[in-house]
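Asks: Please find one structure pasted underneath; my questions will follow.
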Amino acid sequence: MTNPFVIAIDGPAAAGKGTLALRLADHYHLPHLDTGLLYRAVGRIMAERGFDLDDGELAGQIAAALDPDDLKHPSLRGHEAGEHASRVAVHPQVRAALIAFQRDFAGRAPGAVLDGRDIGTAICPQAPVKIYVTASPEVRARRRTDELAAKGRDVDYERILAEIRQRDERDSGRSTAPLKPAEDAVILDTSDLDREGAFTAAIAIVDDKWRARRVG
Ligand code: CDP
Ligand code: CDP
């Protein structure tokens, strides 16, 4: 039997990973897992209970006890939840506790689309397709600002840009599974691409890998 066809989408905040992953999952009829939700759920539970986000032991225990229903909480998509997520995501105990769930999801036939920070490097290093979606910090901050403004939130572009830079630094600088492209990832810079352009480019990458797999 062939291995499941896994599409790994990684990249920094607001690069368009989630939007692209959803489109690809729909197009290829594959299930999708937004792995950021796992870290967001751990961060939310820690913050809600008043726990110290820097306590790796405790955060690891919360991660190990995570229930799929915890991923459905409406507040998880918020901007603040992303900040809490990146703080608990530095802990090796948290990352280790979340590996099995992600690999189990990726391992089911016929395959899956997963988006996050370390899918191609740590969770699914054998994935046949790895796309590292990126864009300049300024473009990403503009996208996030517009997104929040569309939801009626009063947001300051400069503040969002500073937060994005800080999150990039934390995600890339951590010692366990830092944010970086896998050696065999295709880099997709969407700074000058709209959603449609990014989707078209991604399809070309996936189809290319799919053909190579059938031939090889
Ligand atoms: O998942 P990630 O944080 O990487 O980004 P996202 O939530 O999928 O996208 C952030 C915002 O950028 C959304 O409002 C998208 O509609 C928009 N966008 C995009 O996803 N792709 C582009 N090429 C351009 C904009
Ligand atoms: O949509 P956005 O990129 O802003 O956030 P997200 O993908 O939901 O991820 C939130 C935070 O979780 C990131 O800043 C990372 O610190 C962490 N994360 C991670 O470490 N590994 C993953 N596979 C996914 C998310």
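Asks: Report the calculated FRET efficiency for residue 61 and residue 212 (r = Cβ-Cβ distance, R0 = 45 Å), to the nearest 0.05.
Replies: Using R0 = 45 Å, I get an efficiency of 0.60.
Asks: Right, something else. Can you show me the helix-derived [θ] at 222 nm for the chain, built from DSSP H runs with n ≥ 4 at -39,500 (n - 2.57) apiece and divided by the number of residues, rounded to the nearest 500.
Replies: Here the helix-only value at 222 nm equals -16500 deg cm²/dmol.
Asks: Give a residue-ordered list of calculated ³J(HN,Hα) values for the range 73-87 (Karplus: 6.51 cos²θ - 1.76 cosθ + 1.60, θ = phi - 60°; whole Hz; x for Gly, Pro).
Replies: Computed from phi, the couplings for the range 73-87 are 4, x, 6, 5, 6, x, 5, 5, 4, x, 5, 4, 4, 5, 6 Hz.
Asks: Using a simple charge model, +1 on the beta-carbon of Lys and Arg, -1 on the beta-carbon of Asp and Glu, nothing else, what dipole does the chain show about its Cα centre, in debye to the nearest 20?
Replies: Its charge dipole is roughly 500 debye.
Asks: Using Cα centres only, tell me the gap between the range 113-182 and the range 8-39 in whole Å.
Replies: 12
Asks: Would you list 39, 28, 157 from fewest to most Cβ contacts within 10 Å?
Replies: Going from sparsest to densest Cβ surroundings: 157, 28, 39.
Asks: While we're looking at this one, here's another question. Taking each pair of distinct Cα atoms in the chain once, what is the resulting Kirkwood hydrodynamic radius in Å?
Replies: 17.7
Asks: In 5 Å bins starting at 0, how do the alpha-carbon pair distances of the range 35-107 split up by percent?
Replies: 3, 19, 32, 27, 14, 4, 1, 0
Asks: Over the range 86-164, what relative contact order in percent results from Cα pairs under 8 Å that are six or more residues apart?
Replies: Value for the range 86-164: 18 percent.
Asks: Given H placed 1.01 Å from N in the peptide plane, which residues other than close sequence neighbours of residue 112 have an amide H under 5 Å from its amide H?
Replies: It is 5, 6, 7, by chain and number.
Asks: How much net charge surrounds residue 78 when only other residues with a Cβ under 12 Å from its Cβ are counted (Lys, Arg +1; Asp, Glu -1)?
Replies: Residues near residue 78 contribute +3 overall.
Asks: Long-range amide H contacts for residue 136: which residues qualify at under 5 Å (H placed 1.01 Å from N, peptide plane, sequence gap of 5 or more or a different chain)?
Replies: 191
Asks: Enumerate the calculated ³J(HN,Hα) couplings along the range 164-174 in order (Karplus 6.51 cos²θ - 1.76 cosθ + 1.60, θ = phi - 60°), each rounded to whole Hz, writing x wherever the residue is Gly or Pro.
Replies: For the range 164-174, the Karplus curve yields 5, 4, 5, 5, 4, 5, 5, 5, 7, x, 5 Hz.
Each value in this text was obtained by applying a stated rule to the coordinates, not by laboratory testing. Quick caveat, the model's predicted, so the values are computed rather than measured. Cβ atoms come from the backbone with ideal geometry, glycine included; neighbour counts cover every protein chain shown.
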